[in-house]
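As C-alpha cells, the structure follows; a few thoughts come after it.
The values are calculated or read from the model by the stated rules, or taken from the named source; none is laboratory data. This one's a predicted model, so the numbers in the text were calculated from it and none came from an experiment. Positions of Cβ are backbone-derived with ideal geometry, glycine not excepted, and every protein chain shown enters the neighbour counts. We work out accessible area using only protein heavy atoms, side chains counted, and drop any ligands, DNA or RNA first. Shrake-Rupley method; radii C 1.70, N 1.55, O 1.52, S 1.80 Å.
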Amino acid sequence: MKEDVSNTIVEERPAGYWKKQLLKEMAGYKDTLWKTELKHMNPHTGMPALTEEVLRRLHIQWEITLTNKNGRESVYKQTHTFFEDSSVTVCWTQGFWPYMNNLNSLQLHGIMCPATPAPGDKPRWRSLIGKTSLQRSGHWSFFGADRLVKVLHFDKGIIIGLWRGNWKIAFIMVNLHFHKLIERSLLGSRFCPYMPAEDNAVDPDCSRHGYTLHIVLHNPVRRIMSQRFSPLYTSRVMSQGEYVQLIAIDFANVSEHVPVAKISLPWQAEGLQGEVEVPMIHS
C-alpha cells in the first residue's frame, strides 16, 4: 500500500482551488450552463443580455439582515423587483421594522430558493453581497420627503424610507447593477463576498479609441430617461484605479443640457403609498 501511494502522481492545484470547488458544490449551480448563457451581450449596454432570465431560472432572490446595537439580527425577504436593461431594483416593504437609530448595520445577501418552495423551506445558499453601516456619521445623505415619509440615500445604491415624526423604517430599496451580479449572488459565503479574479478594468489604450456611454434613469416603477453618448474619449492620466472619467455633457455648456421629466420615487408600505419628488434637474 505504501508503494502504491508513493507512486501516485498528485496533480498540484493553485491556492484556494479546493475552497472554490467546495463553494461551487454547496451553491448547487451548473457552472458551464449559466456562464454560457451570459456570453450573449446586449449591444446597447455591453452587459449580458440574459441576466434577468438566468436570475429567474436559478430562483435567485435577495434578503437583507439588519443588526441592532446589541448584535441582534432581523432578516427580511424581498417584496418585489423591477428589472431594467443593466440593473435590478429590489424592494422590501413588509415586516416588523425597527427604529433606524437603534441599528448598527445592514447586510445584503443573494439567496437560492427552492424551485417549488414549501412551508418551512430554507434557502439553499446565502452569499454576502455587501455590508453597510447605518450609523449617523456621514454614511448617508438626505434624498427627499413627502407628507408621510422621509428618504435617506446610502452608498452602494441603498435607499431607506422612514416615517415622518420618528426614525422607524417604512421601506428599503437597493439597486443592483448587472455586472457580476449572478457571481456575487452565488459564489460568496454568508460572511465573505465574492472576490473576482484580478482584472484591469481600465484599458491601457483608452486614449486611442472612443467609448460608448449608456445611461438609464429610472425609479422602481418606470423608466424616466435613456440616452447614449458616443464616442467619448479620456486620457490615461484621468483614470483612477478601476474607474475612468468620461464627460458626456459639459455642465458649463447649457446648450448641451437636456430637460428631464419629473423625477420621483414611488413607494408603498403598510397599505399606504406615496411619491417623493426630486427637484427638476437637467442632464
Top-ranked residue of the stretch 36-82 - restricted to ones that are acidic (Asp, Glu) and more than 26 Å from Thr212 (Cα to Cα), ranked as least open to solvent (accessible area, probe 1.4 Å): Glu63
With (1) farther than 19 Å from Phe83 by Cβ; (2) among the aliphatic types (A, V, I, L, M); (3) at pLDDT 90 or above as the list, and Val174 as the residue in question, which single condition is left unmet? (1)
Scanning the stretch 140-188 for residues that are touching a Lys or Arg at 6+ places or on another chain (Cβ under 8 Å) and not in a strand (DSSP E or B) gives Arg147, Leu148, Arg164, Leu187
Considering residues that are open to solvent by less than 50 Å² (accessible area, probe 1.4 Å) and modelled with pLDDT under 90, the number found within the stretch 155-170 is 1
